[in-house]
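A.B. asks: Supplied in structure tokens, the structure appears directly below.
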Amino acid sequence: MKIILVIAAGGALGAVARYAVMVGAGQWAGFASPYGTMAVNILGSFLLGALMEIIALFWTPSEEMRVFLVVGVLGGFTTFSSFSLDTVLLLQRNELGLATLYVGGSVILSVLGFLAGLSLLRQILT
């Protein structure tokens with residue numbers, strides 16, 4: 001139960017940070033745009049990469065701290081950072097084919113899943 005609460009607390013912080021970055025990017029661009037999402041995805045991936053290197057070289061956080069930061073804060077901020085980590089791990093294991101399938105499948109199937117949900121609800125509700 002403690003792990004769940006730690007993840008929830010981190011997730012709340014990450015979600016608020018995501019909102020702040022997206023609002024800031026929208027104000028910077030001067031109009032509603034995908035730049036906020038793009039900024040969150042890039043920044044989240046950068047932060048997870050930096051955190052993983054710190055953990056690999058200098059720091060051994062407790063399980064609670066690790067899940068707070070990785071699953072909670074960065075997971076609430078963006079799941080794209082986890083996607084990036086999974087892709088890099090596949091590449092580091094020299095599994096180029098699997099990495100390619102993972103990236104392509106994730107992007108294409110996620111967009112198709114979104115369109116399927118949109119279409120289904122449009123049919124049901126209209």
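The values are calculated or read from the model by the stated rules, or taken from the named source; none is laboratory data. All figures in this text were calculated on a predicted structure; none of them were measured in a lab. No Cβ is skipped: glycine too gets one built from the backbone with ideal geometry, and neighbour counts run over all protein chains shown. In case anyone asks, the SASA skips ligands and DNA or RNA and just uses the protein heavy atoms, side chains included. Shrake-Rupley method; radii C 1.70, N 1.55, O 1.52, S 1.80 Å.
A.B. asks: Please report the projected area of region 1-60's Cα convex hull averaged over all directions, in nm².
C.D. replies: Hull-based average projected area comes out at 5.0 nm².
A.B. asks: I've got another one for you. Working from the alpha-carbon coordinates of region 13-126, get Rg over Rh, Rh being the Kirkwood radius.
C.D. replies: Rounded to two decimals, Rg/Rh equals 1.05.
A.B. asks: Right, something else. Note the angle between two axes, namely the Cα long axis of helix 2-29 and the longest principal axis of the Cα atoms of the chain, as a number of degrees from 0 to 90, rounded to the nearest 10.
C.D. replies: 60
A.B. asks: Give me the angle, in degrees from 0 to 90, between the Cα long axis of helix 96-125 and the longest principal axis of the Cα atoms of the chain, rounded to the nearest 10.
C.D. replies: Relative to the chain, helix 96-125 is tipped by roughly 40 degrees.
A.B. asks: Could you grab the relative contact order for region 13-95? Cα pairs under 8 Å, six or more apart, rounded to a whole percent.
C.D. replies: Relative CO of region 13-95 lands at 41 percent.
A.B. asks: Hey, can you rank 36-46, 82-92, 110-120 by average C-beta count inside 10 Å, highest first? Please report the intermediate quantities before stating the final value.
C.D. replies: Working: 36-46: 17.9, 82-92: 15.6, 110-120: 10.2.
Averaged packing, sorted descending, gives the order 36-46, 82-92, 110-120.
A.B. asks: In addition: Rounded to the nearest 20 debye, what is the charge dipole size of the chain about its Cα centre when +1 sits on each Lys and Arg Cβ and -1 on each Asp and Glu Cβ?
C.D. replies: 260
A.B. asks: What is the helix-to-structure angle for 35-57, meaning the angle in degrees between its Cα long axis and the longest Cα principal axis of the chain, kept from 0 to 90 and rounded to the nearest 10?
C.D. replies: It is inclined by approximately 20 degrees.
A.B. asks: What does the charge count around T100 come to, taking other residues whose C-beta lies under 14 Å from its C-beta (Lys +1, Arg +1, Asp -1, Glu -1)?
C.D. replies: My count for the surroundings of T100 gives -1.
A.B. asks: Can you work out the accessible area per residue across the chain, with the rest of the protein chains kept in place, probe 1.4 Å, in square angstrom?
C.D. replies: 68
A.B. asks: Taking all protein chains as present, what is the carbon and sulfur share of the accessible area of region 36-81, in % to the nearest whole number, probe 1.4 Å?
C.D. replies: 73
A.B. asks: Once every DSSP H run of n ≥ 4 in the chain is given -39500 (n - 2.57) and the sum is divided by its residues, what mean residue ellipticity at 222 nm do you get, rounded to the nearest 500 deg cm²/dmol?
C.D. replies: -27000 deg cm²/dmol
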